[in-house]
1. Got a sec to turn the phi values of segment 41-50 into Karplus ³J(HN,Hα) couplings, 6.51 cos²θ - 1.76 cosθ + 1.60 with θ = phi - 60°, whole Hz, x for Gly and Pro?
2. State the extension gain, in nm to one decimal, for the chain segment bounded by His72 and Asp23, taking 0.36 nm per residue of separation less the distance between their alpha-carbons.
3. Taking amide hydrogens as modeled 1.01 Å from N in the peptide plane, which residues meet the under 5 Å criterion relative to Arg60, leaving out close sequence neighbours?
4. Treat every Asp and Glu Cβ in segment 22-108 as -1 and every Lys and Arg Cβ as +1, leave all other atoms uncharged, and give the resulting dipole magnitude about the Cα centre to the nearest 20 debye.
5. Where Rh is the Kirkwood radius over the Cα pairs of segment 22-108, the temperature 25 °C and the viscosity 0.890 mPa s, what D in µm²/s does Stokes-Einstein return?
6. Among Gly103, Pro85, Leu66, whose Cα projects farthest towards the positive end of the dipole of segment 22-108, with charges put on the beta-carbon of Lys, Arg (+1) and Asp, Glu (-1)?
7. Check which residues have an amide H placed less than 5 Å from Ile94's amide H, if you skip close sequence neighbours.
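The numbers here are math on the coordinates, done by the rules we state, and not lab data. Since the model is a prediction, treat every value here as computed from it, not as a measurement. We place every Cβ from the backbone using ideal geometry, glycine too, and count neighbours over all the protein chains shown.
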Amino acid sequence: MDTKRLWNPLIAERRAVARRRVDFYAVELVAGARYLRKIRNVSADGLLLEARLVFQHPGRIMELELPRHDDHPLRVRAKVVRVTPAGEIGLRTIGRPWMDGVGGHIEL
């Protein structure tokens, strides 16, 4: 159900960049360790992670390896811009990497 239409049809979508739903894992790189992070959606300038057991705070920089369909993972640096109580972490990429073709399998 789209509650925006029910409650206020005059509010336009604020996002300038379209997002697409995805369901794959990325690898977060932290001091030589590798942690799996579930990616829920991707846009040209950001990602949404699902990480219920991970504490994050806005402003933190994360380094991720995203799988691509051409078998060469994409390294992305991203800044945490939003954290929800449900465990969703909104990230904005740094340096505008080319996000097309991400998804699939990644080597651990």
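1. 3J(HN,Hα) across segment 41-50, in whole Hz: 8, 9, 9, 5, 10, x, 9, 10, 9, 10.
2. Details: separation 49, 0.36 × 49 = 17.64 nm, distance 1.82 nm.
Gain on extension, His72 to Asp23, equals 15.8 nm.
3. Val80
4. Numbers: 13 positive and 11 negative charges, 83 e Å.
With Lys and Arg at +1 and Asp and Glu at -1, about 400 debye.
5. On the way: Rh = 12.8 Å.
For the chosen part, D equals 192 µm²/s.
6. Projecting each Cα onto the dipole axis, the largest value belongs to Pro85.
7. Residues meeting the amide H criterion: Arg77, Ala78, Lys79.
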